[in-house]
Structures are given as C-alpha cells and as structure tokens.
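Undergrad: Sharing a structure here in structure tokens format.
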Amino acid sequence: RIIGEYTLTIEDLRTGRMPEDVIALSGYPVDIHSPDGKSVNLEHVPRYGIPFRTLIPKGLNNVLVAGRSLSATHEALASVRVMAPCMAMGQAAGTAAAMALKEILPIRNISIPALQQQLRNQGAILGV
C-alpha cells in the first residue's frame, strides 16, 4: 500500500464518512482473517466514501494508485479491497488522468467537482 495524501481509516468506515473528494463508494463489511486461518472477524459498516486523496501517493507527482494499493489502514483495507470499489477507483483514476492531461494540469490540481460530475456522467453513484 502507498502512503497517500489521505489514509482511509476504520473510523471513516464506521462513521460512514463522505469526504468532499469522494470518487467511489463502498459498504462491504470489514473482513479480517486471522493469521492462523481459523477465524474471520466480520464487522458491518455503513456505506462510506473513498476519497480521491487516497489514490495520490505523497511525494510523487502525476501518479495515481487505485485498487488494493490505495492509502488505507489494515482494517480499512479489509473492506475496500473487494472488486466493486477497486473497479470504481480504477474508473476514477483513469478519468482523473485524462482530465489532467486534457487540461495540462498536475493530477493534484484537477477540479474535484468536475471529476465527480464526469464520473456521474459515466454512471457512477457517489452519494453526494
């Protein structure tokens, strides 16, 4: 996992946090498997937003990381690692990259409202 501009935490999930820079939603339970393989801890969480900042690695320019490598704690990753949010993050990363290229802007400087609108135009449900 990367260390991003923001790190998604278990508290974000438990409180159903919807950040201003939401680019995808999830609500999959926190699904932590024990190292011995004998038990699974399953905690249900409300729907929550995945911030765009979790895809931006600190200290790197014009790089986005989507899917299981986003900036998240171990506990938060146990929910956000499943296919639907990973695909949504990929869609957001690709859309953001295209916008940055078209506007000749660093990826960090693209308009989040414009990104969110473009994602909605593509059929994404962002909850905001």
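The values are calculated or read from the model by the stated rules, or taken from the named source; none is laboratory data. None of these values were measured; they are calculated from a predicted model. Cβ placement follows ideal geometry from the backbone for every residue including glycine, while neighbour counts extend to all protein chains displayed. Remember, those area values only see protein heavy atoms, side chains included, never the ligands or the DNA or RNA. Shrake-Rupley method; radii C 1.70, N 1.55, O 1.52, S 1.80 Å.
Undergrad: Of the residues in region 1-37, how many are under 13 Å from residue 56 (Cβ atoms), acidic (Asp, Glu) and assigned to a strand (DSSP E or B)?
TA: Going through region 1-37 one residue at a time, the tally reaches 0.
Undergrad: Looking for something touching a residue at least 60 places away in the same chain (Cβ under 8 Å) and within 17 Å of residue 127 (Cβ to Cβ) - is there at least one such residue anywhere in region 1-12?
TA: So far as region 1-12 goes, yes, one or more of its residues are touching a residue at least 60 places away in the same chain (Cβ under 8 Å) and within 17 Å of residue 127 (Cβ to Cβ).
Undergrad: Still on this structure, please answer the following. Identify, from the list 84, 78, 96, the residue that is crowded, with 18+ Cβ neighbours inside 10 Å and out of contact with any Asp or Glu (no Cβ under 6 Å at 6 or more places or on another chain).
TA: None of the others qualify; the one that does is 96.
Undergrad: Could I ask something else about it? Please find, among 33, 44, the residue that is over 15 Å from residue 93 (Cα atoms) and surrounded by fewer than 12 Cβ atoms within 10 Å (Cβ to Cβ).
TA: On inspection, the qualifying residue turns out to be 44.
Undergrad: Also, I was wondering about something else. Would you mention how many residues in region 9-25 are surrounded by 13 or more Cβ atoms within 10 Å (Cβ to Cβ) and among the charged types (D, E, K, R)?
TA: Result for region 9-25: 4.
Undergrad: Against the conditions (1) part of a helix (DSSP H, G or I); (2) open to solvent by less than 90 Å² (accessible area, probe 1.4 Å), where does residue 50 fall short? Just the number, please.
TA: (1)
Undergrad: Can you tell me how many residues within region 99-128 are open to solvent by less than 60 Å² (accessible area, probe 1.4 Å) and part of a helix (DSSP H, G or I)?
TA: Of the residues in that region, 8 qualify.
Undergrad: Kindly establish whether residue 68 is of a type in the set (Lys, Arg), in contact (Cβ under 8 Å) with a residue 40 or more places away in the chain, touching a Cys at 6+ places or on another chain (Cβ under 8 Å) and surrounded by 13 or more Cβ atoms within 10 Å (Cβ to Cβ).
TA: Yes; evaluated as a whole, the condition is true for this residue.
Undergrad: While we're here: Could you please give the count of residues in region 87-128 that are touching a Lys or Arg at 6+ places or on another chain (Cβ under 7 Å) and under 20 Å from residue 4 (Cβ atoms)?
TA: The number of residues fulfilling the criteria is 1.
Undergrad: Now a separate question. What's the number of the condition residue 28 fails, among (1) open to solvent by less than 70 Å² (accessible area, probe 1.4 Å); (2) more than 11 Å from the chain's Cα centre (by Cα)?
TA: (1)
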